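One structure is given below, encoded as structure tokens.
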Amino acid sequence: MARAFVGSIECEVTVDQDLGDTWAVAVVPPPPKRGEHPLPLLVLKLQGEDREKAMKGALEILQQQGQIDRFEI
């Protein structure tokens, strides 16, 4: 299971096939604790034939944009 990190917060990564060869890669943050601000859901859609490559590519893009700090596959 892939994980993405925003600061020290670990987020789940989901990958769903959309239409045809399009993949929706989502970084799903955990529910906020009392008094914390919720993190936004991050979604990136990519075209590709391979689920793993689409996931890695989306996470690399999110990291380059500074929306996540790091990820593990």
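Nothing in this text is a laboratory measurement; each read-out follows from the coordinates by a stated rule. Here the structure is a predicted model, which is why all the values come from computation and not from measurement. Every residue, glycine among them, receives a Cβ derived from its backbone with ideal geometry; neighbour counts consider all protein chains shown.
For n ≥ 4 DSSP H runs only, could you compute -39500 (n - 2.57) per run for the chain, divide by its residues and tell me the 222 nm figure to the nearest 500?
Details: 1 runs with 14 residues, N = 73.
Result for the chain, helices only: -6000 deg cm²/dmol.
For a paramagnetic label modelled on H37 (point 7 Å from Cα along Cα→Cβ), amide N atoms under 18 Å away belong, within segment 55-70, to 66-69. Can you tell me, using C-alpha contacts under 8 Å and at least 6 residues apart, the relative contact order of the chain as a whole percent? Result for the chain is 35 percent. In terms of other Cβ atoms within 10 Å, L59, L42 run from fewest to most in the order L42, L59.
Please give the charge dipole size of the chain, origin at the Cα centre, charges +1 on K and R Cβ atoms and -1 on D and E Cβ atoms. Round to the nearest 20 debye.
Values: 8 positive and 12 negative charges, 58 e Å.
Computed charge dipole of the chain: roughly 280 debye.
Bridges between two residues of the chain, per DSSP, are antiparallel at a rate of about 100%.
Distance distribution P(r), the chain, all Cα-Cα pairs, bin width 10 angstrom from 0: 21, 51, 22, 5, 0 percent.
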